[in-house]
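Some notes on the structure that comes next.
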Amino acid sequence: MVENFLTGLESALTLHNLLLLLVGVVGGTLIGMLPGLGAASGMALLMPIAAGLDPLPGLILLAAIYYGTQYGGSITSILLSTPGDAAQVMTTLDGYALARQGKAGLALTTSAVASFVGGVITIPLLVGLGPALAEVALKLGPPEMLVLLVFALVSVAALTSDNRIKAYGMAVFGLLISAVGFDPQSGTPRLTFGQVDLLNGINLVPVIIGVFAIGEVLNQLGRGPSKPIRARIREMFPRPKELAEVTGPTLRGSVLGFIVGVLPAAGSTIAAYFAYDLERRIPARGKTPLGKGALRGVAAPEAANNAAVNGAFVPTLALGIPGSATTAILLGALLIYGVQPGPTFIPENPELYWGLVASFLLGNVALLVLNVPLVPFFASALRIPYLFLFPTVIATCLIGAYALRNNPFDVLVAAVFGIVGYLMIRGDYPPAPLVLGLVFGTLFEENLVRTSAIGHGSFAYIFERPITLVLIILTVLVIVAPPIVKLLRRRLKANAATERAKA
């Protein structure tokens, strides 16, 4: 295995391949910073160039774009509360809070290092455990995926707000938005209200742009004139105490992100949500609460979404099943090159496989080396007076919404959800469950229909499956346990007060 990896490293280290890798990570970072242009869009833009190259250089270029967009999206998430795509939504919660505290440089450095660690330490998992994990993932049928999605929705709603009713309401709202358009089973329009533009549904990216970016800008404007955020560049590197705080979350997020990435159709978005949720469940006394500017709230999801990139390649290469929408594009590139992914891919194409895996290591190193020195430059963007910054942000967001499909209707969607986002901020409604509901909506409906079909209209049989039963119990505990714990604490405090009064 080591010998094969070194051979692949030698193939990836040619001058031609290194230049393409640098083009990919730099281009991917820039694309990720633009709202609306995520990894899939970046890979699609450069697909014609990649198709004209040999298989290994072409795949190295596309994979480098994939990695670059993951980090690029985190830059705008932290600085401007503008996620590049859904995978960076969780980074926004603590990253932007850190930026408003003058710690933008520290947040960006933490993001870069966590992304690097998540991408590098999971390469051995990709090499050694990939095929085995892919076989396990195939055993997760529609019932397991359905309950897993419910568990994810409930968990994220629980972690993003103290008011669970509001959080659950936002998750349901997201599911309703995802239902707009054609019914996948009957093909009949639903919730379109006679509008032709709604037949294809409401796209995720304009909603994210509106709720997070435009909504935050409107909220800041509503507060009246304010000074730009001070970005203290001297604090860009974590101190030993801060380094100790993010080490555990980075490692946990890396492993969890890889495992989630292996699941077909899961991808980096779900990985980031689960990593953030895991940190919420681990006691952290004396540390900054999540959502208030906690470094671990940046490290865990960033490590997870980069590790999920490696995980997503497992079902793509070993089974021919895309692990995410982006790897579906990579799968198409393989077919263009005349290479058939699947169980025979590695034995029949060892140079291609090992060269691609080695490029993952080189790509993450290149991202770290290129981006960490640029952290002061990125952080200095917050020094721009809001008089110039806010109009630029809104213009960039609207251009990004339009560029996604060259559709003016997406600009309108972004503007409408910008107002919705502003109202949500003012009413203390968490945006993350809404986005997650929209992300999961189609997948949730597909697995709901399939689960119903398997049970001939009944869902009772899912309680007989071990994995679904465990997930159902965990979901119930997430819903029921916190109120019970709060009630017990109140009673204990009341009893203690009564005892002190008697004494």
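A few remarks follow.
- Scan of the range 385-428 for residues that are among the small types (Gly, Ala, Ser), modelled with pLDDT of 80 or more and in a helix (DSSP H, G or I), ordered by number: Ala395, Ala414, Ala415, Gly418, Gly421
Per-residue answers, yes or no, for (1) open to solvent by 80 Å² or more (accessible area, probe 1.4 Å); (2) without any contact (Cβ under 8 Å) to a residue 40 or more places away in the chain; (3) more than 13 Å from Val420 (Cβ to Cβ):
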residue	(1), (2), (3)
Ile177	no, no, no
Val180	no, yes, yes
Asp183	no, yes, yes
Gly187	no, yes, yes
Thr192	no, yes, yes
Asn200	yes, yes, yes
Pro206	no, no, no
Ile209	no, no, no
Ile214	no, no, no
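- Helices (runs of 4 or more DSSP H) enclosed by the range 128-205 - at least 3 residues per element that are at pLDDT 80 or above and within 22 Å of Asp410 (Cα to Cα): 164-178
- Checking each residue in the range 464-503 for being under 40 Å from the mean Cα position of the chain (by Cα) and either of a type in the set (S, T, N, Q) or within 18 Å of Leu140 (Cα to Cα) (or both) picks out Glu464, Arg465, Pro466, Ile467, Thr468, Leu469, Val470, Leu471, Ile472, Ile473, Leu474, Thr475.
- Gly261 crowded, with 18+ Cβ neighbours inside 10 Å and modelled with pLDDT under 85: yes
- Here Gly457 meets each of (1) within 30 Å of the chain's Cα centre (by Cα); (2) over 16 Å from Val150 (Cβ atoms) with one exception, condition (1).
- Qualifying position, being exposed (fewer than 15 other Cβ atoms within 10 Å of the Cβ) and outside any loop (DSSP other than H, G, I, E, B), among Phe444, Phe463: Phe463
- Between Ile78, Ile65, the distinction of being farther than 28 Å from Tyr429 by Cβ and modelled with pLDDT of 80 or more belongs to Ile65 only.
- Cross-chain or 6+ apart pairs with Cβ under 8 Å, the range 300-315 first and touching a residue at least 24 places away in the same chain (Cβ under 8 Å), then part of a helix (DSSP H, G or I) and among the acidic types (Asp, Glu): Ala300/Glu279
- Residue within the range 94-107 that is surrounded by 24 or more Cβ atoms within 10 Å (Cβ to Cβ), under 13 Å from the mean Cα position of the chain (by Cα) and among the hydroxyl-bearing types (Ser, Thr, Tyr) present: no
- Filtered residues of the range 410-441 (kept if closer than 30 Å to Pro143 by Cα and surrounded by fewer than 17 Cβ atoms within 10 Å (Cβ to Cβ)): none
The values are calculated or read from the model by the stated rules, or taken from the named source; none is laboratory data. Bear in mind the structure is a predicted one, so any value in this text is a computation, not a measurement. Methodologically, a virtual Cβ is constructed for each residue, glycine included, from the backbone with ideal geometry; neighbour enumeration extends over all protein chains shown. These area figures cover heavy atoms from the full protein model, side chains too; ligands, DNA and RNA do not enter into them. Shrake-Rupley method; radii C 1.70, N 1.55, O 1.52, S 1.80 Å.
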